[in-house]
């Protein structure tokens, strides 16, 4: 199979923006290298857009809006069906691109990164076809209409998944958009723009401008003709986008950081709960905003938990992301690798006890942004490792003496994105789940539900993605009195 880079190079699209249905050279002259995190070497170079390119893209989206908003829902759904089919048809190309650009193990890219991304398109299609865009209360009609032109800013950790989680519902709602993917993981975004083109989406409905946050992201957020900004990123980035958007009073949807707890209740089946908890924490090498990185465990069972954690970690293989043997590849980029090393050093200095892993690379890997799968025990809530988002393969074991204390520990964070609760007594687990201040709770490691709304309390953001609630973010409400 042709490599993603060769494919994009041969098609002439590697250094292009996609604006108004055309692949065009950006007016801005900036360039950025795409780094393979497994080798630390550049593998491609993309052209960065600038303010003028954002202006062109927003203008195209504005021109296309009236026509796309008026397109029948069933027809928009048919377009989404084509996008879904094309993603699945090109799944291996997408998986190879994601593995190259951000280091996901190829098995994970194939099993999670790509199929989950496709699901967001399918769900958006299905939700739109059954959604009551017009309903009636007495003689008043309640109309739900597309908000307008949307600026979408997506991160490097789940590059395709976060694109489809925004693009799917925006298109389903009848919005037009400008996408700014992370400049650190642009390959899958360019492949997605090809899918949009090949699906026959009308010109101007979808536009893509590569670029960095201070240039393209800021221009989108501040643009007077952008009606809504949706960003997935760090809390710091969310604050900056919100500030830039404030003068134009546009809607801002934020999916930001997390420090998700995993409460292990006293009656939990540890043999099942602990390995699944470790796997959930280390999924995507811990580079997930909702990763359950704080495992809150009964104090008297801490030694048993530690033994199960060591055994679970030992089952994983950190290595070449293109190898079928590897369960985990490298950290996605140098800045994040250094962040992980910094947080591990702080945890050691603050007295957390190392259960496995630690600083530096695994012994057999001397090059690449590889990090050890690391677990600390005897952690308490005052430690940085319990409060700050690491965004890497680092798990903190925090002991508790009562359920009330476990809940207090879980809520003792500025974040509120996700949480997990494990226990045999379903009524007990439900009661604990109800006390957690976060946007999504998983009880006993259930199957992923692409219809379950996802988003945060507190500094984890506002607004929701996925399912009905995800599409409603892109809708305005109009009341028409005297309708009949």
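Coordinate-derived values only; no laboratory data. Not measured: the values here are computed from a predicted model. Every residue, glycine among them, receives a Cβ derived from its backbone with ideal geometry; neighbour counts consider all protein chains shown.
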Cβ-derived FRET efficiency at R0 25 Å, residue 480 paired with residue 71, nearest 0.05: 0.75
DSSP-defined antiparallel bridges as percent of all bridges, segment 135-255, nearest 5: 15
Over 33 Å [Cα-Cα, the chain], rounded percent: 37
Ratio Rg/Rh, restricted to segment 305-349 and using Cα atoms, in which Rh is the Kirkwood radius: 1.07
Share of Cα-Cα pairs in segment 1-63 lying beyond 14 Å, as whole percent: 63
Mean projection area, nm², convex hull over Cα of segment 386-430: 3.9
Quarter of the Cα convex hull surface for segment 184-319, i.e. its orientation-mean projected area (nm²): 12.3
Rg over Rh [alpha-carbon atoms, Kirkwood Rh] for segment 261-449: 0.95
Extension reserve of the residue 134-residue 39 stretch, reckoned as 0.36 nm per residue once the Cα distance is removed: 28.8 nm
Normalised contact order of the chain, rounded percent, pairs of Cα under 8 Å and 6 or more residues apart: 18
Of all DSSP beta bridges in the chain, antiparallel share, percent nearest 5: 45
Rounded to 10°, Cα long-axis angle of helix 270-282 versus longest principal axis of the chain: 50
DSSP-defined antiparallel bridges as percent of all bridges, segment 261-449, nearest 5: 15
Crossing angle, helix 114-130 versus the chain [Cα axis fit, 0-90 degrees, rounded to tens]: 50
Exposure proxy ranking, count of Cβ atoms within 10 Å, fewest first, for 131, 400: 131, 400
Per-peptide average of other Cβ atoms within 10 Å, ordering 345-351, 413-419 highest first: 413-419, 345-351
Cβ-based exposure ranking for 183, 469, in which fewest neighbours within 10 Å come first: 469, 183
